[in-house]
Amino acid sequence: MNPIIQAVEKNLDFTQNKTLKQMVYDAFRKTIILGDIPAGTRINEKEFSDVLNISRTPIRYALQRLVSENLVEHRPRIGIIVKGISIRDAYEIYDIRKSLDALAAERAMKLMTPQDFAELTALLETGEALNAANDVDAVLKNFSDFNAFLYEKSQMPRLKAIILELQTYLVYFRDVAVRSTNRREEALAEHWLILRAMENQQAEQLQQLMHEHLDRSLTFILQEMERRKIG
């Protein structure tokens, strides 16, 4: 099987309670964002339909949505070409995160109980242990859990829903950063500083720390994207 089609099929989850066209869209979107379909690749709608035994209608729907998101483009007489994530996308996503993550952290700080702070402390301690064991995949999940915890404790479901729309992008960027030992250790230290500011109810300090944390992450991501020749 074509490895690109195989990558999409791997992300095609039929267990979800969604329409077929939504599942196909989710699979294509995730595969492209994670870089499993390289930029410049032409997507042959008929080939995907034949190999995956899926009507061309949901595939066409998925590709049209991806065109609107600028992840693929339609070129006359050529077809659909993958664009993937760009440096411009990274700037946009991190600008959004700086606003939303800072808001979630400050709101969570005001609502968290002593038990919540104890749970967050335990979560960071687990992250330190996983990092010491060099269990990179587990550290990646730990970082995701840290952010999810803040959004959950902010008690702002609409804010949480917005960030979920960006989840695949966030997983991609976080994975790039966590694979680097230096950035991983820096981020862990930054998480501890964020926790201390929350415990001390230092709203202004918390905002500054959140912005600095994300600025450092963005700087690292941009360096990696340039090294990988991703424009």
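The values are calculated or read from the model by the stated rules, or taken from the named source; none is laboratory data. This is a predicted model, so every value here is computed, not measured. So basically every Cβ, Gly included, is an ideal-geometry build from the backbone, and we count neighbours across all protein chains shown. Ligands, DNA and RNA are excluded from the accessible area calculation, which covers all protein heavy atoms including side chains. Shrake-Rupley method; radii C 1.70, N 1.55, O 1.52, S 1.80 Å.
Odds and ends about this structure:
- Scalar couplings 3J(HN,Hα) for region 65-78, obtained by applying the Karplus form with A = 6.51, B = -1.76, C = 1.60 to θ = phi - 60°, are 5, 5, 5, 5, 8, 6, 8, 9, 9, 9, 10, x, 6, 10 Hz; x denotes Gly and Pro.
- Surface exposure of region 72-231, expressed per residue as accessible area with a 1.4 Å probe, stands at 52 Å².
- Folded to 0 to 90 degrees: helix 87-111 orientation relative to the chain principal axis, Cα: 40
- Ligands, DNA and RNA left out, the 1.4 Å accessible surface of the chain is 49% carbon and sulfur atoms.
- Set of lysines with alpha-carbon distance to Lys21 below 26 Å, sequence-local pairs under 8 removed: Lys10, Lys30, Lys46, Lys83, Lys160
- Helix 203-227 axis, angle to the chain major axis (alpha carbon atoms, nearest 10°): 40
- Rolling a 1.4 angstrom probe over the protein heavy atoms with all chains in place gives region 1-55 an accessible area of 55 Å² per residue.
- Theoretical gain in end-to-end length, Glu9 to Gln64 [0.36 nm per residue, Cα-Cα removed]: 17.9 nm
- Surface listing: Lys98, Lys46 arranged by accessible area from highest to lowest gives Lys46, Lys98, probe 1.4 Å.
- Cα-based shape type of region 78-208, given that a ≥ b ≥ c are square roots of the gyration tensor eigenvalues and the cut on a/c is 1.5: oblate
- Summing charges over all other residues whose Cβ lies under 14 Å from the Cβ of Leu170, with Lys and Arg as +1 and Asp and Glu as -1, gives 0.
- Under 5 Å between amide hydrogens, built in the peptide plane, is the criterion, and for Gly79 it picks out nothing among residues at least 5 positions away or on other chains.
- Karplus (6.51, -1.76, 1.60) ³J(HN,Hα), θ = phi - 60°, over region 159-171, in Hz, Gly and Pro reported as x: 5, 4, 5, 5, 5, 5, 5, 9, 4, 5, 4, 5, 4
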